[in-house]
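**Student:** Please see the structure below; I have some questions.
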Amino acid sequence: MTGLVIKLKPNEKVLVNGVLLQNGDRAARLRVRTSDVSILRARDAIPKEEANTPLKRVYYIAQLALAGEADADQAVGELLQGLSALKGVFPGDAGEDVLRAIEAAREQKFFVVMRAVKKHFEFERALLERSPTVAHAMAS
């Protein structure tokens, strides 16, 4: 069997193509057979007020596009602008993930963008705390 498998905890919420669904009292596994579907688990979403760093802003824009709350073409432009500014800031694996996110943004694969950048939130926080110069470069 192919397809995306989503494991939901009891009462967990998930957004599917802009529709908010909530699981029942027991854990569940769903297999999504349609390939072109937008799915966002509530636990993967960040509130607007937490989008307070360059990487988190990119994540938030991708989240809005995935949830259908932002125009996809406009989101792509904003993502490419934000990610391009971060290209030279993140070294190694993080830099490769930024490049991967740029390619995913061009293809409107917003969940891939989110997954690529989320794992570097802590690294970004450490960079911002350590160097005011880096913080200024990232904000530009």
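**Student:** So how many residues does the stretch 11-26 have that are over 21 Å from residue 71 (Cβ atoms) and surrounded by 12 or more Cβ atoms within 10 Å (Cβ to Cβ)?
**Tutor:** 5
**Student:** Got a sec? Which of 6, 61 is within 23 Å of residue 124 (Cα to Cα), free of Cβ contacts under 8 Å to residues at least 40 places away in the same chain and among the β-branched types (Val, Ile, Thr)?
**Tutor:** One residue alone meets the criteria, 61.
**Student:** Please work out which one of (1) crowded, with 17+ Cβ neighbours inside 10 Å; (2) touching a helix residue (DSSP H, G or I) at 6+ places or on another chain (Cβ under 7 Å); (3) at pLDDT 90 or above is the condition residue 127 fails and give its number.
**Tutor:** (3)
**Student:** Of the residues 85, 72, 51, only one is in the same structural domain as residue 113 (by TED's automatic domain parsing), out of contact with any Leu (no Cβ under 8 Å at 6 or more places or on another chain), of a type in the set (Gly, Ala, Ser) and more than 22 Å from residue 125 (Cβ to Cβ); which?
**Tutor:** 72
**Student:** Would you check if residue 90 is surrounded by 12 or more Cβ atoms within 10 Å (Cβ to Cβ) and either over 29 Å from residue 14 (Cβ atoms) or touching a Pro at 6+ places or on another chain (Cβ under 9 Å) (or both)?
**Tutor:** In short, yes.
**Student:** In addition: Would you call residue 85 touching a residue at least 40 places away in the same chain (Cβ under 8 Å), closer than 18 Å to residue 101 by Cα and out of contact with any helix residue (DSSP H, G or I) (no Cβ under 6 Å at 6 or more places or on another chain)?
**Tutor:** yes
The values are calculated or read from the model by the stated rules, or taken from the named source; none is laboratory data. What you see is a predicted model, and the numbers here were worked out from it, not measured in a lab. No Cβ is skipped: glycine too gets one built from the backbone with ideal geometry, and neighbour counts run over all protein chains shown.
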